[in-house]
Amino acid sequence: MDLNAFYEAEFDQHQSALDTTREALMEPFSRLISICAEAIRAGNKLVLFGNGGSAGRLRSEAGSSRRCGD
């Protein structure tokens with residue numbers, strides 16, 4: 001087994017999946033941000049939640065966003 005070839009092939013597969021995901025999610029992500037920004041401008045409140053592991057990070061980001069939007 002050529003370990004270097006295996007190593008390169010594994011990273012190539014991961015990079016391909018990353019590139020495909022990045023392209024597929026750009027438009028929905030941009031749309032989500034626009035909807036959230038418009039909701040905040042209209043005086044509405046966003047409630048953000050995750051699966052537990054992301055909750056602490058999300059709470060921090062939500063606080064940062066509020067400060068940036070003032």
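The values are calculated or read from the model by the stated rules, or taken from the named source; none is laboratory data. Just so it is clear, the structure is predicted and the values come from calculations on it, not from any experiment. Ideal geometry is used to build each Cβ from the backbone, glycine not excepted, and the neighbour counts take in all protein chains shown. In case anyone asks, the SASA skips ligands and DNA or RNA and just uses the protein heavy atoms, side chains included. Shrake-Rupley method; radii C 1.70, N 1.55, O 1.52, S 1.80 Å.
Results, tabulated for the structure shown:
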| read-out | value |
| --- | --- |
| Residue in region 32-44 that is at negative phi, at pLDDT below 95, part of a loop (DSSP other than H, G, I, E, B) and surrounded by fewer than 10 Cβ atoms within 10 Å (Cβ to Cβ) present | no |
| Qualifying residue in region 47-70 (condition: open to solvent by 100 Å² or more (accessible area, probe 1.4 Å) and modelled with pLDDT of 95 or more) | no |
